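Colleague: Provided herewith is a single structure, encoded as structure tokens, for subsequent inquiry.
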Amino acid sequence: MRLRNVILIAGGGMLLAGIGAGIWLYSSLDSLVKSAIETYGPQITGVSVTVGSVSLSPTRGQGTIKNLRLGNPPGYKTRHAVTVGEITVRLDPASLTGNPVLIREILVSGVDVSYEKIGNSTNLEAIQSNVDAYMRKSGGGKASAGGPETKMIIDSLAIRSARASVTSSLTAGSTVTTSIPDVRLRDIGKRSNAATAAEVTRQVMNALVSAVTRAATAALGNITKGAGKA
């Protein structure tokens, strides 16, 4: 299904809402987008995906999604993996009838990540593996037989005001909170004459997990240094 393919672009759950709503801005109702996110999101990420609200404005070519929540894989104890306060999408309305779709800007703000490490693995890595497995199973997120493969170009994508709550054996049952540097991606798909769902997914997922992992590793490193001094 084309909708399933489009939503796969989101990579990691956090952008499922934003890009899914953007692509379908002119052809779907708010409730349809919300339902699609909560239906296909769990299939792609392997965890629960819920959305508080979706608000679309076809006349302005914009969409807003609020209170996106991504659950945790089995075995992890924190209440969620990721929550997002708001996602806004701005796109070129004329491109919706063609291929590729031109997305001018995606802004993700108010992000709260629960980074939980058990052994040598984390909850974010588990979700990333689920997304990779889904893409392999679905042929890289390509459109079903008989339909064109949806491609897109994203001028700007930013994840701002993010923080991580870090839990591991080093924190002795407590939680350490740290800020995450802003994640910025530009000109996604421009060099390759538009990007497929799988290509966008990998870029966004890799950038997000990398930023969170660096911040969490630094926070845990400070704990180790403090313990050494003590």
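Colleague: Six or more apart or on different chains, Cβ atoms under 9 Å: show the pairs whose first residue is in segment 61-87 and modelled with pLDDT under 90 and whose second is part of a loop (DSSP other than H, G, I, E, B) and surrounded by 20 or more Cβ atoms within 10 Å (Cβ to Cβ).
Modeller: Once the first residue is modelled with pLDDT under 90 and sits in segment 61-87, its partners that are part of a loop (DSSP other than H, G, I, E, B) and surrounded by 20 or more Cβ atoms within 10 Å (Cβ to Cβ) give G61/L25; Q62/L25; G63/W24; G63/L25; T78/N72; R79/G71; R79/N72.
Colleague: Does L56 satisfy the criteria of being over 13 Å from the mean Cα position of the chain (by Cα) and part of a strand (DSSP E or B)?
Modeller: So L56 fits the description; yes.
Colleague: Of all residues in segment 180-213, which are in a strand (DSSP E or B) and loosely packed, with under 13 Cβ neighbours inside 10 Å?
Modeller: Narrowing segment 180-213 to residues in a strand (DSSP E or B): 180, 183-188, 195.
The answer is R184, R186, D187.
Colleague: Sticking with this structure for a sec: Within segment 37-50, how many residues are open to solvent by 10 Å² or more (accessible area, probe 1.4 Å) and farther than 19 Å from K137 by Cβ?
Modeller: Within segment 37-50, residues that are open to solvent by 10 Å² or more (accessible area, probe 1.4 Å) and farther than 19 Å from K137 by Cβ number 3.
Colleague: Just to be sure, is S168 within 19 Å of V82 (Cα to Cα), open to solvent by less than 60 Å² (accessible area, probe 1.4 Å), at pLDDT below 75 and not acidic (D, E)?
Modeller: Yes; evaluated as a whole, the condition is true for this residue.
Colleague: Restricting attention to segment 104-128, report how many residues are in contact with a Ser or Thr (Cβ under 9 Å, 6 or more places away or on another chain), open to solvent by 10 Å² or more (accessible area, probe 1.4 Å), at pLDDT 90 or above and over 17 Å from T178 (Cα atoms).
Modeller: Count: 4.
Colleague: OK, next. Among the residues of segment 95-128, count how many are without any contact (Cβ under 8 Å) to a residue 12 or more places away in the chain and either more than 17 Å from I188 (Cβ to Cβ) or in contact with a Gly (Cβ under 8 Å, 6 or more places away or on another chain) (or both).
Modeller: 5
Colleague: Determine if segment 123-142 includes at least one residue that is part of a strand (DSSP E or B) and either of a type in the set (A, V, I, L, M, F, W, C) or under 30 Å from G221 (Cβ atoms) (or both).
Modeller: No, that holds for no residue.
Colleague: OK, next. Of the conditions (1) within 14 Å of D30 (Cβ to Cβ); (2) more than 16 Å from the chain's Cα centre (by Cα), T78 satisfies every one except a single condition; which number is it?
Modeller: It is condition (1) that T78 fails.
Colleague: Do we have any residue at all in segment 107-120 that's farther than 24 Å from R160 by Cα and in a loop (DSSP other than H, G, I, E, B)?
Modeller: Kept after step one, since they are farther than 24 Å from R160 by Cα, are these residues of segment 107-120: 118-120.
Still in the running and in a loop (DSSP other than H, G, I, E, B): 119-120.
Looking through segment 107-120, at least one residue is farther than 24 Å from R160 by Cα and in a loop (DSSP other than H, G, I, E, B).
Colleague: Filter segment 66-99 down to the residues that are on the phi < 0 side of the Ramachandran plot and surrounded by fewer than 17 Cβ atoms within 10 Å (Cβ to Cβ) and list them by number.
Modeller: Residues of segment 66-99 on the phi < 0 side of the Ramachandran plot: 66, 68-74, 76-99.
Within segment 66-99, K66, P74, K77, T78, R79, G85, D92, P93, A94, T97, G98, N99 meet the criteria.
The values are calculated or read from the model by the stated rules, or taken from the named source; none is laboratory data. Since the model is a prediction, treat every value here as computed from it, not as a measurement. Using ideal geometry, Cβ is built from the backbone for each residue, glycine included, and neighbour counts are taken over all protein chains shown. The accessibility values were calculated without ligands, DNA or RNA, using every heavy atom of the protein model including side chains. Shrake-Rupley method; radii C 1.70, N 1.55, O 1.52, S 1.80 Å.
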